[in-house]
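In what follows, a structure is listed as structure tokens, so that the remarks can point back to it.
What follows draws every value from the coordinates through simple rules; no lab data is involved. None of the values given here were measured: they were computed from a predicted structure. Backbone-built Cβ (ideal geometry, glycine too); neighbour counts: all protein chains shown.
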């Protein structure tokens, strides 16, 4: 198997993802480094009690801290021109790189990018990585809920050979894309597993309303959104998806990592993976007949379901079950 290290950017606002991310990474790497700041990027002190508890919980993981000083002039820091807050993301990765024990390949992750550990291990076992190429890993993208998976595929995590890692390749406006563009000349894009499916699940905008607002106000992309409060209010104005970030199309999927944020895995055993979109397409008449047995549900939901709009049907029946859970 290819020998790789993993560098993970982390802050305590992302704590719901940490255990799953680390557990999955340990399935294919024994050199995992979590890099966290002394403060959030708006100057608020990090939750160090939480950090210490995770250090104890995961003794095989290296946790390293970098200092965040909001008094420094970001416009004068290395590598950043148009996106000064990107400096902190870059510093996090540079700090993590310097604590890696191995000097072969490095996978750069944010903690809300949870790899499928077994699939990633299989990918590494069955593919000879080219030292002169970069690998940009395909990921599923989620919005608001771990049950809302975008049909569109993205790529964010980067697998880079250590020989290309230097301070100049780390520090730039566009973060991991800067690392990619300043490493090997060739990049394999949208890298998938042996089954042709993405290797990573990116829970990018899966947050409670309060935490999402805190994140937007204190992360490295804070300048990308003008009115933070209004933006978050639009997302949470109701229980629908309300993707105002990318306006992707979505399917409803099983919450496979048990992320406890805005989830609604109703009416089937939590231990059994369940893809509503696929099952509804294959067995639509079966589900219509089953739902029809609930006398308290009117025909509106059944009409939506039979019409083929799976997401709207799921939202309808979720609200119906909340209103009358018998």
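Points worth noting:
- Stretching the chain fully between residue 98 and residue 197 yields a gain of 32.5 nm (0.36 nm per residue, less the alpha carbon separation).
- Convex hull of the range 4-202 built on C-alpha atoms - directionally averaged projected area, nm²: 11.1 nm²
- Computed extension gain for residue 3 through residue 181, at 0.36 nm per residue and net of the alpha carbon distance, reaches 61.8 nm.
- Gyration tensor verdict on the range 1-69 (Cα atoms; rounded if a/c is under 1.5, prolate if a/b is larger than b/c, oblate otherwise): prolate
- Residue 48 versus residue 229: modelled label distance in nm, points set 7 Å from Cα along the beta carbon direction: 3.2 nm
- Summarising the strand pairing of the range 4-202, around 35 percent of its internal DSSP beta bridges are antiparallel.
- Separation in nanometres of the label points that stand 7 Å from Cα toward Cβ, at residue 237 and residue 118: 4.3 nm
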